[in-house]
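What follows is one structure encoded as structure tokens, with my remarks underneath.
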Amino acid sequence: KNQVEQSPQSLIILEGKNCTLQCNYTVSPFSNLRWYKQDTGRGPVSLTIMTFSENTKSNGRYTATLDADTKQSSLHITASQLSDSASYICVVSDRGSTLGRLYFGRGTQLTVWP
Amino acid sequence: EADIYQTPRYLVIGTGKKITLECSQTMGHDKMYWYQQDPGMELHLIHYSYGVNSTEKGDLSSESTVSRIRTEHFPLTLESARPSHTSQYLCASTRVGDTRTEAFFGQGTRLTVV
């Protein structure tokens, strides 16, 4: 069964600190993995997208890694800001059909305190 | 900024009413999706479309229906709304055939049925 598991479920950190969010998946055949940021009451916004051959991708203070062998990804946030408080969702796409199905993790709820 | 729009953003209606949630994208994407998301929970796929005149049900059973008469438009309709339909509904679109294609999401429609 294709699944995406994220940890931790929630995380509280102080402003300026770094943190790392984890994503494990069983989706096969794998196409790509994306990290999204979703503010409360809004639609997800893409942070990074990685294909099989990419093992790291940065977007400002966000750095995502991908290990396609172990089917694990992480999202590292550097020097956190209050505006980073949001849900971070790992989304994996398969290439087993023309649909390119998107499989969603439950998200990690990040809260940054001043 | 993603060119995918949902209206209305918020909707409060009475039980038994018929409603249509609008979703439009100007990126020429063939694939479009409707997701349902309860607070703090993951997104569940309820409908998707490969292109014009193509619609399929998703993983989560839904009493809603969709249509795809034009590429850019993918409305979702509830014939008779019930309190159990209270949720956030997110529309998304992607381009066919490109593994690096972003999935763009609308801002969502928060539906409350009273």
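Tabulated results
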item	result
Per-region count, segment B:33-47, residues outside any strand (DSSP E or B) and of a type in the set (A, V, I, L, M)	2
Complete set of residues in segment B:54-70 that are modelled with pLDDT under 95 and assigned to a loop (DSSP other than H, G, I, E, B)	B:SER54, B:THR55, B:GLY58, B:ASP59, B:LEU60, B:SER61, B:SER62, B:GLU63, B:SER64
Unmet criterion (only one of (1) surrounded by fewer than 16 Cβ atoms within 10 Å (Cβ to Cβ); (2) more than 21 Å from B:LEU43 (Cα to Cα); (3) more than 10 Å from chain B (Cβ to nearest Cβ)) for A:LEU66	(1)
Options A:ASN24, A:ASN32; residue that is in a strand (DSSP E or B), under 22 Å from B:GLN37 (Cβ atoms) and at pLDDT below 90	A:ASN32
Residue match in segment B:18-25 (condition: more than 14 Å from the chain's Cα centre (by Cα) and at pLDDT 95 or above)	yes
Residue in segment B:99-111 that is under 13 Å from the mean Cα position of the chain (by Cα), at pLDDT 95 or above, farther than 30 Å from A:MET50 by Cα and more than 7 Å from chain A (Cβ to nearest Cβ) present	yes
Residues being at the interface with another protein chain (Cβ under 9 Å from one of its Cβ atoms), surrounded by fewer than 20 Cβ atoms within 10 Å (Cβ to Cβ) and more than 16 Å from A:ASP67 (Cβ to Cβ) - total across segment A:32-56	5
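Yes or no, residue by residue, for (1) within 25 Å of B:GLN88 (Cα to Cα); (2) free of Cβ contacts under 8 Å to residues at least 40 places away in the same chain; (3) touching a strand residue (DSSP E or B) at 6+ places or on another chain (Cβ under 8 Å):
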position	(1), (2), (3)
A:GLN6	yes, no, yes
A:SER10	yes, no, yes
A:GLY41	yes, yes, yes
A:PRO44	yes, no, yes
A:GLY60	no, yes, no
A:ASP69	no, yes, no
A:HIS76	no, no, yes
A:ILE89	yes, no, yes
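The values are calculated or read from the model by the stated rules, or taken from the named source; none is laboratory data. What you are looking at is a predicted structure, and each value in this text was computed from that prediction instead of being measured. Note: ideal-geometry Cβ built from the backbone for every residue, glycine included; neighbour counts use all protein chains shown.
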